[in-house]
Amino acid sequence: MKKILLSAVATILMAGTAMAEGYQINSLSTKQIGMGHTGVALKLGAENMYFNPAGMAYMDKTLDLTGSFTGIMPTATATVDGKEYETDNGVSTPISVNAAFSIYPNLKGGIAFYTPYGSSINWTDNWPGSVLNQNVSLKAFTIQPTLAWAINDKFSIGLGAMVTWATVDLNKGLVSASTADNVINAMKLPASVGSFGSTTPASVNLNGKTRIAVGFNIGAMYNVNDRLTFGASFRSKMDMKVKAGEAHVSYANELAQTLTGETIDLINNANFKAQMPCPWVLSLGASYKPVDRLTLAFDARLTGWHAYKSLDVEFLDEQLVQKGLNQYIPKHYKNSWCFSLGAQYALTERFDLRAGLMVDTSPVDKNYYNPETPGMTKIEPTLGLSFRPVPQLSIDLGFMYVAGTGIKGASCESPDLMGKAFLGKLMAAGMTAEQVAGIATKFNIPTTNKFTADYKLHAFIPSIGVSYSF
């Protein structure tokens, strides 16, 4: 029983860290949200530090300051046995702040602060998939000092150092309500004891902070002529390592604690470490000005999610390590593409209009699908505008709508902790394997659960930004 319940910590941690997969932030500039979040082949000043550091080399200002504040409002639904369950999410608020300055006419420097990963999802405590996830919050932060050099009027390069850290806060069920009720029936406890129905008997909170990880963001830009530009950038892979996570157990009621508390309480003393990759991202782009007032841009981004083959979890207590509790959790992600198309039209000298579209494909394997990451291909139309009350100041608005294409029959297997523990006790009490199997069949007590659902997702993403330069 102890081994089973302590092993659950590793399975739970998998759900918490995987959140980053489905929510790589594509809303780090209000202006560029309006253009489908394109930017690899555009000269954006300080905001080039994220999209392509090389573009900053062509900044024609002494100082460029920009900031963007975005609200992500997602809603996911899961259809289980014909009944639909909906998330109850708050608003996630990624931000981006950038400052760039001129060192020499052909050499620029700057520093950026942004949230490359971060979101939250709340399926509520007692939905049918609670043993996989109840709610989770992930926040990742990056500081990036950057240099960009224009070798000549046609070619430039740029390099930034990404210094990144993150926090994760996850809640999930430890015990299935249906299995708990079936165990109560198998034990022939009196009706006065009660039952759980749809209430999750016991849950755990996992909270962890990662160590600081360092990577690089490198880019190049080539101007074919005054109207056509090509760009490329590469953000390196970083491993985010949880040094010492903490677990805390909670119970639905006294009955739950009486049935499970003696052993589940051991998880309160379990610390763990693990790591997940923040994968590399290769971006290619082109921009074209058919007329002076109109700019068109296209980006293609390949994210190296294939690096996320598994999640390995290790306990800090050497006694737990010796009992073989370290976990190997297969993920089987694949590399995925995101395609962006955008347009900007200068309606007047002070007013710009923007529109765009993103198609973001999912790397998730539907046979290893955990609802903390409702990954699926997403279609994302965008709109935006900028107004300059004075030439140095720009006020920007952007909006993105995320429409998930849906995924059917997505499944995830997980051990049934109470089922394994109860049947194990019967074996230890001297019952034969045949007798135990008969009880398991008669009272429907599983050792493994397979949760299958159809998922849908949509999100509203408004953004406001401001920039000042001179």
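Is there a quick way to get the dipole size of the chain? I mean about its Cα centre, with the Cβ of Lys and Arg at +1 and of Asp and Glu at -1; what is the value in debye to the nearest 20?
Values: 37 positive and 35 negative charges, 156 e Å.
For the chain, the charge dipole is close to 740 debye.
In square angstrom, what is the accessible area per residue of the chain with a 1.4 angstrom probe?
Values: 20370 Å² over 470 residues.
It amounts to 43 Å² per residue over the chain.
Select from Gly398, Leu44, Ala76 the residue farthest towards the positive end of the dipole of the chain; place +1 on Cβ of Lys and Arg, -1 on Cβ of Asp and Glu, and compute about the Cα centre.
Leu44
Taking 0.36 nm per residue of separation and subtracting the Cα-Cα distance, what length does fully extending Tyr468 through Thr405 add?
Taking 0.36 nm per residue and subtracting the Cα distance, the gain is 18.8 nm.
Using unit Cβ charges (K, R positive; D, E negative) and no other charged atoms, how large, in debye to the nearest 20, is the dipole of the range 327-441 about its Cα centre? Don't skip to the end; give the middle numbers.
Working: 10 positive and 10 negative charges, 7 e Å.
Taking the Cα centre of the range 327-441 as origin, the dipole is about 40 debye.
Which value at 222 nm does the chain reach when only helices count, each DSSP H run of 4 or more adding -39,500 (n - 2.57), with the total divided by all residues and rounded to the nearest 500 deg cm²/dmol? Walk me through the numbers before you get to the answer.
Values: 9 runs with 77 residues, N = 470.
Mean residue ellipticity at 222 nm (helix-derived): -4500 deg cm²/dmol.
Could you tell me which residue out of Gly219, Ser195, Cys278 lies farthest along the dipole of the range 185-294 toward its positive end? Charges go on the beta carbon: Lys and Arg +1, Asp and Glu -1, centred on the Cα centre.
The residue sitting farthest along the positive end of the dipole is Gly219.
Once P(r) over Cα pairs in 10 Å bins from 0, in percent is worked out from the coordinates, which option in (i) 4, 19, 29, 26, 15, 6, 1, 0; (ii) 4, 19, 27, 20, 14, 9, 5, 2, 0; (iii) 4, 21, 33, 29, 11, 1, 0 does it equal?
Identified label for the calculated read-out: (ii).
Express the carbon and sulfur contribution to the solvent-accessible surface of the range 340-470 as a percent, rounded to the nearest whole number, probe 1.4 angstrom.
Working: 4090 of 6400 Å².
The computed percentage sits at 64.
Relative contact order for the chain using alpha-carbon pairs under 8 Å, separation at least 6, rounded to a whole percent? Present the calculation step by step, with values, prior to reporting the outcome.
Values: 1379 pairs, mean separation 91.7, N = 470.
Across the chain, relative contact order equals 20 percent.
The values are calculated or read from the model by the stated rules, or taken from the named source; none is laboratory data. Predicted model, so just to flag it, every value in this text is computed and none were measured. Every residue, glycine as well, gets a Cβ built from its backbone with ideal geometry; the counts of neighbours run over all protein chains shown. The accessibility values were calculated without ligands, DNA or RNA, using every heavy atom of the protein model including side chains. Shrake-Rupley method; radii C 1.70, N 1.55, O 1.52, S 1.80 Å.
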